[in-house]
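The values are calculated or read from the model by the stated rules, or taken from the named source; none is laboratory data. Note that this is a predicted model, so its numbers are computed, not measured. Here the Cβ positions follow ideal geometry from the backbone for every residue, glycine too, while neighbour counts run over all protein chains shown. These accessible areas exclude ligands, DNA and RNA; they are computed on the full protein's heavy atoms, side chains included. Shrake-Rupley method; radii C 1.70, N 1.55, O 1.52, S 1.80 Å.
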Amino acid sequence: MKKLLIIGSLFIILSGCDSTFPGSLVQQNTTPTTPVVNTPSTTTTTTTTTTPTTTTPVATDSPDVIPTTPTPATPATQLYRNDAYNFELTYPKELGFVTPNYANLENKVVQLQIGADAYPKTNFDDAGIAVSTGFAKSEKECQDMNLPEGSAGFKDTVNINGVTFDATTGAGAGAGNLYESKVYRRLHGSFCYEITETIHTANIGNFDPGTVTEIDKAPIWNKLEAVTQTFKFLD
């Protein structure tokens, strides 16, 4: 009887042991594990073709433009017209009117003058263009009446604005002053017309050395002559 109990006990003990790993009483997990399969990843590249687009400018309303009236330019020359003596001429606006003192005939009509301040630090005093008239019965009488100082007579002719005038020169000096003139005359109707261009300078010896320079008269003659060339009769 005792042998049977011992054998039964041994059987029970042996049946509870793991036959795969002797000496350990570790319980095994019998749940099956699903294997993991690594699937290679695939990269898909998508090519997109872009069609260029044309942008059409959109017209927008421009701001209102306010028209402006240009300011008229100040004329460089002005017109002198004398209906009583039947002539006109054009002159630069910087010339001024003075009492005629360079005219030789009886009716001293008008004189335009360049003042001394036009040429500072020179021996220039003034310059002018004068128009005068006198009654005459002939061209010879027109030429001979009241000759300019220093003139040898009207022996030359010049063309003034398409009309022929007799011409001469004159000169006078006194008290350290020099007056040089170009004089033109023409008989028109029963009147003798005279145009006189004059430059008045001071003797350079009257000044301390180095204080003034000798004036160049050529540009002044050109300015006076430009006025003379605009002279014309109204009839």
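Share of segment 104-235's accessible area from carbon and sulfur, percent, 1.4 Å?
50
Classify segment 146-235 as rounded, prolate or oblate from the Cα gyration tensor: take a ≥ b ≥ c as the square roots of its eigenvalues, call it rounded if a/c is under 1.5, otherwise prolate when a/b beats b/c and oblate if not.
prolate
So, in nm, how far is label residue 117 from label residue 213 when the simple model puts each one 7 Å beyond its Cα toward the Cβ?
The answer from the label model is 2.2 nm.
If you take every residue apart from residue 201 with its C-beta less than 12 Å away from the C-beta of residue 201, what net charge results, scoring Lys and Arg +1 and Asp and Glu -1?
-4
What's the ranking of 159-165, 85-91 by average number of surrounding C-beta atoms within 10 Å, highest first?
Result, highest mean first: 85-91, 159-165.
Set the Förster radius R0 to 22 Å, insert the Cβ-Cβ distance between residue 82 and residue 173 as r into 1/(1 + (r/R0)^6), and round the FRET efficiency to 0.05.
After rounding to 0.05, the efficiency reads 0.10.
Might you tell me the accessible area per residue for segment 187-235, computed with a 1.4 Å probe and given in Å²?
48
For residue 230 and residue 99, what does the FRET efficiency come to when R0 = 22 Å and r is the distance between their Cβ atoms, rounded to the nearest 0.05?
0.50
Tell me the trypsin sites (Lys or Arg not before Pro) within segment 124-191 that lie in a loop according to DSSP and have at most 16 other beta-carbon atoms within 10 Å.
For trypsin sites (Lys or Arg not before Pro) across segment 124-191 that sit outside H, G, I, E and B with at most 16 neighbouring Cβ atoms in 10 Å, the list reads 137, 155.
What is segment 126-235's relative contact order, in percent, from Cα pairs under 8 angstrom and six or more apart in sequence?
29
Ranked highest first by average number of other Cβ atoms within 10 Å, how do 209-217, 118-126 line up?
So the order, starting with the most tightly packed, is 118-126, 209-217.
If the cut-off is a Cα-Cα distance under 22 Å, which lysines reach residue 108, setting aside same-chain residues fewer than 8 apart in sequence?
93, 137, 140, 182, 223, 232
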